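*Asks:* Pasting in a structure now, in structure tokens, and then I'll have a few things to ask.
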Amino acid sequence: MVKKSKKKSSISINLISKQKLEKLSSQEKLDFILKEIRQGKVLVLEQGLTPLEQTALIERTMAEIEEDAFTGIEMDGYLEDKATLFRRFFGVIRKPGLTVIGPADLIKTIKKDGNIIQTEIVAGQGV
């Protein structure tokens, strides 16, 4: 009699604190995020990336895409708070708040409105 192994297909979702990200330089953040995503993890960042960091992440991702190994990322988030007159006057950049980032073959944003980001995680494809 042959035993069938019950290999569980699972996806790791890491909730990353604002404090963890504040300790990292922009380059270190990108390295950390890409390393985690390449391992098939989905990240939920308490405080997202600046627009420049988002652009750099997308550029790096596009440069590193491999047809069978790394299909890219899916990313969505909210802005932290509304820009006040003071912030606009002094050019203070608003950082995104909660941000979800994951492998493009695992995560799909279904709907986003002012209060909810609905994301579907497709188990078994990237794991």
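*Asks:* First measure r as the distance between the Cβ atoms of Asp105 and Thr55, then evaluate 1/(1 + (r/R0)^6) with R0 = 25 Å and state the FRET efficiency to the nearest 0.05.
*Replies:* 0.65
*Asks:* Roughly what would the spin-label model give for Asp68 and Arg38, points 7 Å off Cα along C-beta, in nm?
*Replies:* Each label point lies 7 Å from its Cα, and together they span 1.8 nm.
*Asks:* Sorted from fewest to most neighbouring beta carbons within 10 Å, what does the list Lys41, Lys18 look like?
*Replies:* Lowest to highest Cβ neighbour count: Lys18, Lys41.
*Asks:* Only residues of the stretch 53-74 count here: report those whose backbone N is under 16 Å from the spot 7 Å along Cα→Cβ of Ser26, or say none.
*Replies:* Within reach of a label on Ser26, which here means backbone N under 16 Å from a point 7 Å along Cα→Cβ, the stretch 53-74 contributes 53-61.
Where a number appears in this text, it was derived from the coordinates with a stated rule and is not lab data. Note that this is a predicted model, so its numbers are computed, not measured. We place every Cβ from the backbone using ideal geometry, glycine too, and count neighbours over all the protein chains shown.
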